[in-house]
1. Are any residues in region 71-88 surrounded by 14 or more Cβ atoms within 10 Å (Cβ to Cβ) and either out of contact with any strand residue (DSSP E or B) (no Cβ under 7 Å at 6 or more places or on another chain) or among the aromatic types (Phe, Trp, Tyr) (or both), and if so, which ones?
2. So how many residues does region 30-52 have that are out of contact with any Leu (no Cβ under 8 Å at 6 or more places or on another chain) and either surrounded by 13 or more Cβ atoms within 10 Å (Cβ to Cβ) or hydrophobic (A, V, I, L, M, F, W, C) (or both)?
3. Within region 30-50, can you find the residues that are out of contact with any helix residue (DSSP H, G or I) (no Cβ under 9 Å at 6 or more places or on another chain) and touching a residue at least 24 places away in the same chain (Cβ under 8 Å)?
4. Residue under question is residue 61, and the condition is that it be surrounded by 16 or more Cβ atoms within 10 Å (Cβ to Cβ), under 19 Å from residue 3 (Cβ atoms) and of a type in the set (Gly, Ala, Ser); does it hold?
5. Here is a list: 29, 67. Which entry is of a type in the set (Ser, Thr, Tyr) and in a helix (DSSP H, G or I)?
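A short reminder: the numbers here are calculations on the coordinates, not readings from a lab. These numbers were taken from a predicted model, which means no experiment stands behind them. A quick note on method: Cβ atoms are made from the backbone with ideal geometry, for glycine too, and the neighbour counts reach across all protein chains shown.
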Amino acid sequence: MKLRIHDQEIRFRLSPKDLDNLEAQKTLTETLKLAPDVSWTYSLTLNGETPTLNAQSERVSLTLPETEFADWLRGPEIEWTYQQAEPLLTLLIEKDLKPHRS
């Protein structure tokens, strides 16, 4: 899973393997070690009715509506978008169909 943060937008990019794991396990988590004693974690979880972003200093987690998102996982759409109202923030999830390009 790749993460891109730009302006007021967070984009999660999922490889085919990530998509399979998210569907099977209902959660994906990645941890980035920034220093020996500092790490930062980001995750996606299928659970609930509405998208919910939980942001803390060491973690960003996005909970997605399981039924709606399961249809997207299996469907032909490449991008899933949600606009958070307060603070204004765009959350995107993309299918990375060519995860090994240079």
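1. The answer is 72, 73, 80, 82.
2. Residues of region 30-52 that are out of contact with any Leu (no Cβ under 8 Å at 6 or more places or on another chain), as a first pass: 31-38, 49-50.
From what is left, the residues that are either surrounded by 13 or more Cβ atoms within 10 Å (Cβ to Cβ) or hydrophobic (A, V, I, L, M, F, W, C) (or both) are 32, 34-35, 38.
So the answer is 4.
3. Listed by number, the residues that qualify are 30, 42.
4. When the stated conditions are applied, residue 61 passes them.
5. When all the criteria are applied, what remains is 67.
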